[in-house]
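Every number in this text was worked out from the coordinates using simple rules, so none of it is lab data. None of the values given here were measured: they were computed from a predicted structure. So basically every Cβ, Gly included, is an ideal-geometry build from the backbone, and we count neighbours across all protein chains shown.
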Amino acid sequence: MGGHVTDLQQATIASGDDDARSGPDVDVVVVGAGIAGLYLLRRLRDLGISARAFETADDVGGTWYWNRYPGARCDVESIDYQYTWDPDLLDEWTWSERYATQPEILRYVEYVADKHDLRRDITFRTRIADARWDDTSSTWTIRTERVDGQVDGPADDGGGAAGTGETIRCRWYVMATGCLSAPKDPDIEGAGVFTGEVYVTGRWPHDGVDFTGKRVAVIGTGSSAIQSIPLIADEADELVVLQRTPNFSIPAHNGPPTADKVARFDGRVDEYREEARWSSAGVPRDMPELGALQVDDAARRARYEQAWEEGTIFSLTGAYNDLFLNPAANETAAEFVRSKIRSIVDDPATAEVLCPTTYPIGTKRLCLDTNYYETFNRSHVSLVDLRSEPIERISETGIDLASGRSLTVDAIVFATGFDAMTGAIVRVDIEGRDGVALADKWADGPQTYLGLMTHGFPNLFMVTGPQSPSVLSNMAVSIEQHVEWITDALVALRDERLDVIEPTELAERAWVRHTNDFADITLFPQANSWYMGANVPGKARVVLPYVGGVDRYRQACVDVVESGYLGFRRANSANGDRAGDVVNDGIIRPLAPDVMVMLDMMAELGLPPLESMTPTDARAFMEASAAMSPPGPEVADISDGTYPGAAGELAYRRYVPHDAAASATDALSPLILYFHGGGWVLGHATSDDAFCRDLANRTGAIVVSVDYRHAPEHRFPAAHDDAWAALEWAVSAAQELGGDPDRLAVAGWSAGANLAGHVCHRARDEGAPHIAAQLLVTPVTDHRMATPSYGENADGYVLTSSLMRWFMDHYVDGARRDDDRLSILHAHDLSGLPPAVVVTAEFDPLRDEGAAYADALRAAGGSATHLRAGGQIHTSLMAVGALATPAEVREAAFVEFGRLVD
Ligand code: N01
C-alpha cells in the first residue's frame, strides 16, 4: 500500500512536504464492515481515495452479523431500511416481509458486498489494538490484532484470542463501529459459574440453538428479549423471564408491506427518499398538528387504536405532537398501551408487572413484537419481577433470587443490552493530540461536534456518533448522510489542497450544549435508558443521541458546509507552524433549541409581519396568539381595577403571590409596578399575564400591571405621562393594594421597560417617590436604532428592526426621539437612579442598547446587574411555561430583583 499514491496524497505532495512525500500507507482506515463501513468503502473508492477496512468478524454485516438470536428483525420497515446509493438494488432485491429477518438482511448486505467487490478492501478477523495521532506528520498510526480461533464478539469485547497484526499509517481514521455493537458486561454476580448453556443475544451461535425439552431463563426485557421470547417459548419446556424494568411494546403486524406504504413509495421512489432524508426520524410520515390534550378521550383512543394497528415504532409516539414534551400528554399514550397489555394478558397480576409505569413512553426505545404479551398466557412461561424479587446470584444450576427461591434451568439467555453509542468507540485505545485518550476526554460523557468529530482528535470521524440522531432515526438514512458528509469533507479538503480537519473547542462546546439543552426540553432524561447511558453502571448519565430530529440535524450539517466549514480548523499537514491553517470558528446553532423550534413553527405558518398590518389588526393578531399561550403559574389572588391615568381612567391588574396569602398577616408585601411591552402600540394591563404571575410568586411582591395609552391614537409622551401617573397612584394606593409604599419597585419589558426606566429618572428629578429597584427586561433605551445588534438581528427573531421602526414611527416623531424621557440612555444625568437589574437577549435588536444602559448606570455610580440571556430572543423571557430555556435567566433576574426590593 505504501507505494500507492492517490489523488488526495498527490495534493499534499504537490505542497512539497517531505513527511507527506513518504506518505501514509493508506488514505483512510475504516473500522467496521457493517452497513456504514461498506458504503464508505464504495464511496471512497469512487472518489479515488484509498482505504482499508478492518473487521473482527469473519464476514460483512456488522450488527446483522452478530445479532442472530431467534426472532431478530429490523424494527424499521424494509422499504425504509435499505441502501439508496445503488438505485439498481431496488430491482435486484425483493424483501419477503414488511419487517425483514436478520438472515435476510445479512444476505442483502452480503449481496451488496459481492456486487461491489468490497471484500477486497476488508481485512477480517482483525480488531484495532490502538490508534495514535501524530501531530508532526498529521497521520494516525493504527495497530491491529488478528483474532485467531473462535470469533464470538465484536471488535472490542475480547472475542477470540489475539494474534500479531500490523501497523498502518493513515491520514484519516473512521469509526464505522455501530451504535449497539459493544455488549454490556454481565453485571450479575456469579455470571461465570453457571454450568449449563449460556447465550448472549448479541453474540448468538451461528448454527442456532435448539431449546427443545429445556428449561430456559431469559434475563432482560428489551427489544432483543421481546423479539426472542415468543420463539424460545415455542421450543422450551419451561421458560422463565426475569424482568427488571418492563418495556412498552406494540405489535409489528408483520406480513407484506402495507398498501399505504406501497402507495407512498411505488412510482415515486426518489421523492420518497428525499422526504425520508428531510423527515424527523428518517422515515416519511405525516407530522401531527395536534397535541394529545387538544382532543377528547374518544378521539384520542381512536387515534391510538389506529397507531396500534399501524404497527411501527413511530406510529404511536408520533400520534400527537407533544408526546415527547408534555408528561400529561405522554401519559395518555402510555396508559393506552397499558390498557392493551391488561386486555391481552390473562393473569391480572402478571399484566400489572408487565405494565411500565416508571418512565414516559418512547423515552426507552419502543419495541415491536409478535405475540410477546400473549406468550405470558402460555402455561409453561412465567415472569419474575426483579423489582420485588431481585437476582442474588447466578449459581452452578441456575439463578438464586433474593426471596430465597432458586430457579433451576438448563440454559440462560442474557438479553441485557449494550454499552450503547460510546462503548464501541472508547473501548478502542484511541489517543489524540498530546497523548490524550478519548476514553478520558469522554469520561463525563461524549463531547463531539455534530456527532462526527471530536476536538483534539484531528482527522478522526465517527459514523452515527453520539450527539447525532443515530439510534433515534432510521439508521439506514443516518448512515448514508454521515458517509456522504465525511467523504464530501475529504473531497473539499482535496479541492482546497488541505488534508487536516478538526472541530474547534468553541464549536464543540456549543454543540454539546445544544444537544443537552434539546434533550432537556423533552422527556428523554426522565428514563434510565441506554439513550442516557443509564444502563451501564458507572457510565456518565447524559443523553447520547441528538433528539432534534434528522431534518434539523441534516440542515445543521449542510449549513456548516455552506458557511465554509463553520466550527472547523482545516490545515495542510505540510504547514508545520499552523500559520496557513484555515480556522472558521463559530457556533452552528446558537439559538436555544426551544426558541429555534418555535421560530421554525412560526416560519412554517408563514405569518405576515406585524408591521405589514394596521395597528388594529396587529392588536387582534396578538390577542389571538396570546390565547394559545400557557396560562402561567397560579397566584393567590388576581383582581382588576382602574387607576387615574394622565388623561382618564386606565385599567390595572393586581397579582398577589402565593407567599403573601400564606403569611396572612397584616404585614405588607413589596409592591412592583409593572409596565407591559408592545412598542407603545400593542398590549394592555393583562398582556404579560404569565410573566407577572411568575414575577409575583418568585419575588413575593404584589405586582400591579398597569395599562397606558397607546399609539398611534396617543403619541409621545402619552404613554410616558400615564406611566408617571401610575407611579403616583401606586404610592398613594399602595396600602390598599396590600403593598408597602417604602418597598416600591418598577419593572417592565421592552417599551414597558423604557417607561419603567423613565419613571425612575423623573422620581429622582422630583425627589420622590422613592423607588427601591428597577427591573428592565430587554429595554428600549436608545432612539437611534443603530447598534450592531440592530444589524445582526435585523430579521427573523420576532422583534425585527423593521418592526421596531414601525413601533417608533407610530409613537414618536423623528424630531422628538432624542427626548430624555424616551432615549433614557442619552439622558443628561444617569446618576442617583435606583439599583437596576437589566436583562438582555442575545438575538434581539435591543441587546446592545440594554447592555449600554447597564454600563452607563454603573459608570454614573449606580448599581446595575446585567444578565445576558444567551440563545434567547426579545420575546423569550415572556414565554413563561411555553419556553423552558429562558427560565434560568428569568429566575436569576427575579431573585436579584426580589433581593433589591425586599
Ligand atoms: O437491550 P436493552 P436490547 N439484571 O438495553 C435488562 C436495538 N435492537 O439488546 O431496563 C437484570 O434494550 C434491562 O433492564 P433495565 C434497539 O434499538 C434493535 O434488548 O436496565 N436485568 C433490559 O430489560 C434496542 O433498543 C433491534 O432495568 C438487566 C434488558 O436487560 C437496542 O438494540 C432488535 C440487567 C436490556 O435491554 C437494545 O436492545 C434488538 C441486570 N443486571 C435490539 N442488565 C432491531 O429491531 C440489563 N438488564 C433492529
Margin query: Tell me the relative contact order for the chain as a rounded percent, counting alpha carbon contacts under 8 Å between residues six or more apart.
Written below: 10 percent
Next item on the list: Would you mind listing how long segment 149-308 runs along its three principal axes, going by Cα atoms, in whole Å with the largest first?
Entry: 57, 54, 31
Next item on the list: Express in whole angstrom the spacing between the alpha-carbon centres of segment 82-100 and segment 700-727.
Entry: 67 Å
Next item on the list: Would you please state which residues of segment 756-775 a label at SER863 would reach in this model, taking the label point 7 Å out along Cα→Cβ and a backbone N cut-off of under 18 Å?
Entry: 760-761, 764, 770-775
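With +1 assigned to the C-beta of every Lys and Arg and -1 to the C-beta of every Asp and Glu, and no other charges, what is the dipole magnitude of the chain about the Cα centre in debye, to the nearest 20? Walk me through the numbers before you get to the answer.
Details: 77 positive and 135 negative charges, 109 e Å.
In debye, rounded to 20, the chain gives about 520.
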Notebook entry, point to check: How many percent of DSSP beta bridges within the chain run antiparallel, rounded to 5?
Noted result: 40 percent
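Give a quick list of GluC sites (Glu not before Pro) in segment 287-379 that DSSP marks as loop, anything other than H, G, I, E or B, with at most 14 other Cβ atoms within 10 Å. Working shown, then result.
Details: sites: GLU289, GLU305, GLU309, GLU310, GLU331, GLU335, GLU352, GLU374; in loops: GLU289.
Here the GluC sites (Glu not before Pro) that fit, given the DSSP loop and packing criteria, are GLU289.
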Next item on the list: Could you please rank CYS74, CYS355, placing first whichever residue has the fewest other Cβ atoms within 10 Å of its Cβ?
Entry: CYS355, CYS74
Checklist line | Value of Rg/Rh across the chain [Cα atoms, Kirkwood radius] | finding: 1.04
Notebook entry, point to check: What spacing in nm lies between the two simple spin-label points modelled at GLU309 and GLU271, each 7 Å away from Cα in the Cβ direction?
Noted result: 2.6 nm
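Using the count of nearby Cβ atoms within 10 Å as a rough guide to exposure, how do TRP172, TRP133, TRP806 rank from fewest to most?
On the way: TRP172 27, TRP133 23, TRP806 20.
The fewest-first ordering by Cβ neighbours comes to TRP806, TRP133, TRP172.
Where nothing but the Cβ of Lys and Arg (+1) and of Asp and Glu (-1) is charged, how large is the charge dipole of segment 349-424 around its Cα centre, in debye to the nearest 20? Present the calculation step by step, with values, prior to reporting the outcome.
Values: 6 positive and 10 negative charges, 42 e Å.
I would put it at about 200 debye.
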Notebook entry, point to check: Scaled to the compact-protein estimate 2.2 N^0.38 Å, what is the alpha-carbon radius of gyration of segment 47-134, rounded to two decimal places?
Noted result: 1.25
Checklist line | Residue (of THR642, PRO609, ALA626) at the positive-pole extreme of segment 561-668, dipole from beta-carbon charges | finding: PRO609
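What ranking do HIS720, HIS206 get, fewest neighbouring Cβ atoms within 10 angstrom at the top?
The most exposed by this proxy come first: HIS206, HIS720.
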Next item on the list: Please give, to one decimal in nm, the separation of the simple spin-label points placed at ASP577 and ARG497, each 7 Å out from Cα toward the Cβ.
Entry: 1.8 nm
Item checked: In nm, spacing of pseudo-spin labels at ALA259 and ILE638 (7 Å Cα→C-beta vector) -> 5.1 nm
Check: Based on the mean of other beta carbon atoms within 10 Å per residue, what is the order of 465-478, 881-894, most packed first?
Finding: 465-478, 881-894
Next item on the list: Could you please state, rounded to a whole Å, how far the C-alpha centre of segment 236-271 is from the C-alpha centre of segment 189-206?
Entry: 28 Å
Notebook entry, point to check: For THR397 and ALA627, FRET efficiency with R0 = 56 Å and r from the beta-carbon atoms, rounded to 0.05?
Noted result: 0.25
Notebook entry, point to check: Using the Kyte-Doolittle scale, which helices in the chain average at least 0.0 and also have C-alpha atoms spread 27 Å or more along the helix axis, with helices defined as whole DSSP H runs?
Noted result: 475-495
Check: What FRET efficiency comes out for the pair SER406/ASP440, r = Cβ-Cβ distance, R0 = 35 Å, nearest 0.05?
Finding: 0.25
Check: Between segment 415-471 and segment 796-854, what's the alpha-carbon centroid distance in Å?
Finding: 46 Å
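To the nearest 500 deg cm²/dmol, what mean residue ellipticity at 222 nm is calculated for the chain from DSSP H runs of n ≥ 4 alone, each contributing -39,500 (n - 2.57), summed and divided by the residues? Don't jump to the answer; show the numbers that get you there.
Values: 28 runs with 295 residues, N = 902.
For the chain, the value works out to -10000 deg cm²/dmol.
Could you calculate the FRET efficiency of ASP91 with GLU235 from 1/(1 + (r/R0)^6), where r is the beta carbon distance between them and R0 is 25 Å, rounded to 0.05? Display every interim value, and only then the final one.
Working: r = 38 Å, r/R0 = 1.52.
It comes to 0.10.
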